[in-house]
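Here the structure comes first, spelled out in structure tokens, and everything after it is commentary.
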Amino acid sequence: MSPTRPEREGRRSDAGFTLVEALVALAILAGAIAVLQSMVGGGARALRAAREEGRALSIAQARLAAFGVEGEIQEGATQGTEGDVQWRIEARPYPGVPDAGTPPRLPAWWLTVQVTWAGDSQAAPRQLTLTTLKLAGAGR
């Protein structure tokens with residue numbers, strides 16, 4: 001036998017070990033990519049949900065601000081839609097009773113606006129509710 005034979009066997013085992021190392025590194029890299037992809041996807045969903053909620057909040061605030069300015073406040077409910085967002089405002093008189101001898105006060109109303117939108121297609125519709133007390137005729 002020639003003296004080069006043991007060297008060849010040593011090289012083969014080194015080459016095999018390098019291949020195993022490369023396969024393990026690829027498996028770790030694939031796992032890290034999968035984790036990063038799910039994190040980015042979750043972040044995108046959260047960003048979309050926050051954007052939708054911000055839009056719904058803006059619509060609710062605008063509806064409350066406009067209610068009573070566009071016409072007299074009357075007891076009952078009013079509803080409408082803006083794009084894919086549905087809103088409903090309910091007005092109830094505020095039951096405050098003035099003390100005897102106090103001057104007459106402006107009528108006050110409890111206003112509750114409820115905004116509903118589809119949200120994620122796999123989840124139930126999302127909803128936001130705001131309630132405020134508004135004086136009627138304060139700016140007139």
How many residues does segment 110-140 contain that are modelled with pLDDT of 90 or more, hydrophobic (A, V, I, L, M, F, W, C) and either in contact with a helix residue (DSSP H, G or I) (Cβ under 8 Å, 6 or more places away or on another chain) or farther than 25 Å from R55 by Cα (or both)?
6
If we scan segment 67-90, do we find a residue that is aromatic (F, W, Y), at pLDDT 90 or above, closer than 20 Å to P125 by Cα and in contact with a Lys or Arg (Cβ under 9 Å, 6 or more places away or on another chain)?
yes
Working only within segment 96-109, note down all residues that are surrounded by fewer than 10 Cβ atoms within 10 Å (Cβ to Cβ) and either closer than 18 Å to R51 by Cα or at pLDDT 75 or above (or both).
none
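The values are calculated or read from the model by the stated rules, or taken from the named source; none is laboratory data. Keep in mind it's a predicted model, so treat the numbers as computed, not measured. Using ideal geometry, Cβ is built from the backbone for each residue, glycine included, and neighbour counts are taken over all protein chains shown.
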